[in-house]
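The values are calculated or read from the model by the stated rules, or taken from the named source; none is laboratory data. For clarity, every value in this text was computed on a predicted model and none was experimentally measured. Here Cβ is always computed from backbone atoms with ideal geometry, including for glycine, and neighbour counts include all displayed protein chains. Protein only, heavy atoms only, side chains kept; ligands, DNA and RNA dropped before computing areas. Shrake-Rupley method; radii C 1.70, N 1.55, O 1.52, S 1.80 Å.
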Amino acid sequence: MVQTIGYGECQIPPEELVNGAVITQFWHAEFIFLSLMISTIGAHASLLLAEELKYVASSLWYRIFVWLAGLALGGCTIWAMHFIGMQALELRSVTVDGVEVIIEISFEISLTVVSGLAACVIATLGLHILAGRAALERHLKDKEMVIRLLTAATIIMVGVCVMHYMGMISQSGYFTSEYKVGIVALSAVIAFIAATAGLFILMFFPANIFARMASAVVIAVAVNAMHYTGMQAATYYASTKFHTVLEDGSYTINALLVTSLTIFVILLLHLVRAQYGQLRAGVKQQVAHDLAFENAVEAAPQLLKSVLQPRFPMAVLPLATLRQLGKLIAYETLRDTGQLIHLDTYEEVMTLRNRAWLLFMSHQWLGDAFPDPENVHYDMILTAADKYLESAGLEESYCYVWVDYASVPQSSEATQQLAIDSIGFYTVMSSAFIAVVPRTTHCSSGKTCDFETYRSRVWCRVEAFTKILGVCAAMGPKPGATGAEQQSELEGNLLLLANSNPDSRDEHMFIADENGLRPFDLWRRNTDPITNTRRLVLKTEMRDLCFPYFGELTCCKHNHIRGGQIVACDKMRMVNMLVGLYGHVMLVRAMHEVRMRGVSELGDKAPAEPSDWEKSCYEKSLAIAELAKGDSMFPGEFYGRWLEAMGEHIKFRLEDEAEGGMPAVPGEGNSSHRSSHSHGSSNLRNRTPNGGRALLDLRDVEGGARKAQGSKATSPDELRRQKSQASDKSSKVPSRRGEGQGDDRGESGDITTTSRPVHPSPIARPSSRASSFFR
């Protein structure tokens, strides 16, 4: 039976040992395997933490990670592996009576603690030397990096040797030891190779899970090889006296305790790294939001401009042509047969608008594939147009109709989107908006369709909402100043004949059903209980029109599946157009408030007081703004911070205008826009706290730069739009598209049809832009 001789408890008196006898060394494979596993786990943790050193930009987090990586490498990889590996060693000797005994190994507490601290500090120093360059240069693989790597490997080799042999010296028990210099030197060489290999893998190998696991195994094998080679340098001799270096107090290492403590520390290190990842992700998300916000502010002027020029021509049908068709026909067919008139620019629309009548016909589709299978709405469109002309005393030849199926591309989603982006322009520029809502039955669902169901449909709401917003933004025709005096008089007669609410006259919006043609009665005045003033509000039954995103869509009914493929919701298609149009509401409201402050503060030098019409538009904009509070009118999932960005741009714009740098007319003054962009972006960037951005590492910075560069790239649609505008500026000639032919013009410059003319065209070539139409 093998007995034990150890510190504090001896089964055999140590005096029975053969003093100076060579002690036989035995090794336990299970402890060797455990030391290899612990060093692998520790090496993997140290690699992950050291990987952050290559990219972290914050000096605080750099210090944290360099110390944590040093702790993982020096403590959890080297120190823990060493003392678990020491448990694999068993010293056996014999007594004078020939009894085989096990001599227990103890360790001095002070030297053991110092060895662990030395390993951590020296490993930290080596990692700092490796990664201590400027943040933007840490990932470079140049000559300086090679020098740093070799220097760091030498320092870590010294740390490994210091830790290992200090741990060996801290051994205490009934034995003495000697070391072979050659094997000690060999172990140092192995330590240098291990350190060099580990650091080389860290800096030059890809940062993926397979490479990191392979690297951890290589480092663990090298560290274990150094340890067990260094153990072979020691020769133990039995002694009848208990030998210690500094103190009498020693303890016996428990491999389970060291393993548990090491795993616990590694988990804590991973938790710290994960917490940093969450903080960095949060800051990265915030920076992404800020970048998107800055880009939105810079895009705001373009969105405002887009409302003033159609992205797709306003395609209208002469009423006489529509009557001859006998039913609603798709845009592509009418385009190819030359029966449509395309108004490409604001100037062309204004020319026609000042000499004829543009009727915007809005209706709910009565079938899933075709808008009007039984011609119910077609007949009502003609009836409504006739009643409108009869009330105004106008001739049919001076009336043009816009209706979605005939005026918006149906086969190409890309060009259709351009037309959708221009709906606000179409409704604002129309002489009248007529909702065609006769009581009938939907051909696909069998449900009754009337004004109530009209108000429930998203696209119907969008068309009506854009018309209301145009009036709130003072973009509609000014009473008595819309063009020809005769037209203004007829327009006034029409509104008086309709007997409309005075607050609802400026909208020029009508409802056509089996009861005839009547105006939208949108507004009413409430008494504010606090200020006791009469305040304009939208009538409750009409408020649905201002919340298009709560309406019904066919794509939502079909779960956004079209042709077996998942498609985006149509609610995404109207965002840019509504942001630009509502931006005009915000801009005009802000300009009105600035103007009113000038009237009250500047006295005789103040600008002219706004007209009653302008005050009415301002009151309506306030009512819409009240409804827009919250997330109902413009849901955050679709709009994000677009409206906030628009408000930021308007604030900067008015500040610049106060300094004389901005024009009063929306959409003009490119240099001022650039000034506003610079002003806005600078303020936004300065507003972001530096402490938050410091959490970003180089990967985030590089990715953000790519996103910023990509966000400012010109899209194909933008290129086409710029090309179209350049062409418009060079020619200033209205276009009329026919089947395979160019524009045919008469001697006077008026556009004629490519097929036989069915009406006298009132369109003349515009001489100048009627910018007074927009306020």
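Just to confirm my filter: which strands (runs of 3 or more DSSP E) fall fully inside the stretch 466-581 and include at least 1 residues that are at pLDDT 80 or above and of a type in the set (Lys, Arg)?
Passing ranges, in order: 516-519, 523-527, 534-538.
Any residue in the stretch 452-464 that's more than 12 Å from residue 554 (Cβ to Cβ) and among the basic types (Lys, Arg): show its pairings with residues that are open to solvent by 10 Å² or more (accessible area, probe 1.4 Å) and in a helix (DSSP H, G or I) at Cβ separation under 8 Å, as long as the two are six or more apart or on different chains.
Listed by first residue and then by second, the contacts come to 455/461; 455/544; 461/544.
Is it the case that some residue within the stretch 651-663 is modelled with pLDDT under 90, hydrophobic (A, V, I, L, M, F, W, C) and within 13 Å of residue 589 (Cα to Cα)? Working first, answer last.
From the stretch 651-663, those modelled with pLDDT under 90 are 651-663; that's our starting set.
With hydrophobic (A, V, I, L, M, F, W, C) added as a condition, the list becomes 652, 654, 658, 662.
With the extra rule that they be within 13 Å of residue 589 (Cα to Cα), the set shrinks to 654.
So far as the stretch 651-663 goes, yes, one or more of its residues are modelled with pLDDT under 90, hydrophobic (A, V, I, L, M, F, W, C) and within 13 Å of residue 589 (Cα to Cα).
Which one of these is assigned to a helix (DSSP H, G or I), over 37 Å from the mean Cα position of the chain (by Cα) and either within 30 Å of residue 33 (Cβ to Cβ) or modelled with pLDDT under 90 (or both): 287, 258, 283, 272?
Step by step, each of 287, 258, 283, 272 is checked, and only 258 is assigned to a helix (DSSP H, G or I), over 37 Å from the mean Cα position of the chain (by Cα) and either within 30 Å of residue 33 (Cβ to Cβ) or modelled with pLDDT under 90 (or both).
Would a scan of the stretch 290-298 turn up a residue that is surrounded by 14 or more Cβ atoms within 10 Å (Cβ to Cβ) and of a type in the set (Gly, Ala, Ser)?
Yes, some residue in the stretch 290-298 is surrounded by 14 or more Cβ atoms within 10 Å (Cβ to Cβ) and of a type in the set (Gly, Ala, Ser).
Is the stretch 54-66 home to any residue that is assigned to a strand (DSSP E or B), crowded, with 23+ Cβ neighbours inside 10 Å and of a type in the set (Val, Ile, Thr)?
Looking for residues that are assigned to a strand (DSSP E or B), crowded, with 23+ Cβ neighbours inside 10 Å and of a type in the set (Val, Ile, Thr), one finds at least one in the stretch 54-66, hence yes.
If a residue has to be open to solvent by less than 60 Å² (accessible area, probe 1.4 Å) and closer than 13 Å to residue 154 by Cβ to count, how many in the stretch 179-197 make the cut?
Summing the residues that are open to solvent by less than 60 Å² (accessible area, probe 1.4 Å) and closer than 13 Å to residue 154 by Cβ in the stretch 179-197 gives 5.
Within the stretch 217-245, restricting attention to residues that are open to solvent by 60 Å² or more (accessible area, probe 1.4 Å) and closer than 19 Å to residue 266 by Cβ, which residue is farthest from the chain's Cα centre (by Cα)?
221
I need the full set of residues from the stretch 628-656 which are under 18 Å from the mean Cα position of the chain (by Cα) and of a type in the set (Gly, Ala, Ser), in order please.
Answer for the stretch 628-656, where residues must be under 18 Å from the mean Cα position of the chain (by Cα) and of a type in the set (Gly, Ala, Ser): 636, 640, 645.
Using the structure shown, decide if residue 214 is surrounded by fewer than 17 Cβ atoms within 10 Å (Cβ to Cβ) and under 24 Å from residue 131 (Cα atoms).
It is true that residue 214 is surrounded by fewer than 17 Cβ atoms within 10 Å (Cβ to Cβ) and under 24 Å from residue 131 (Cα atoms).
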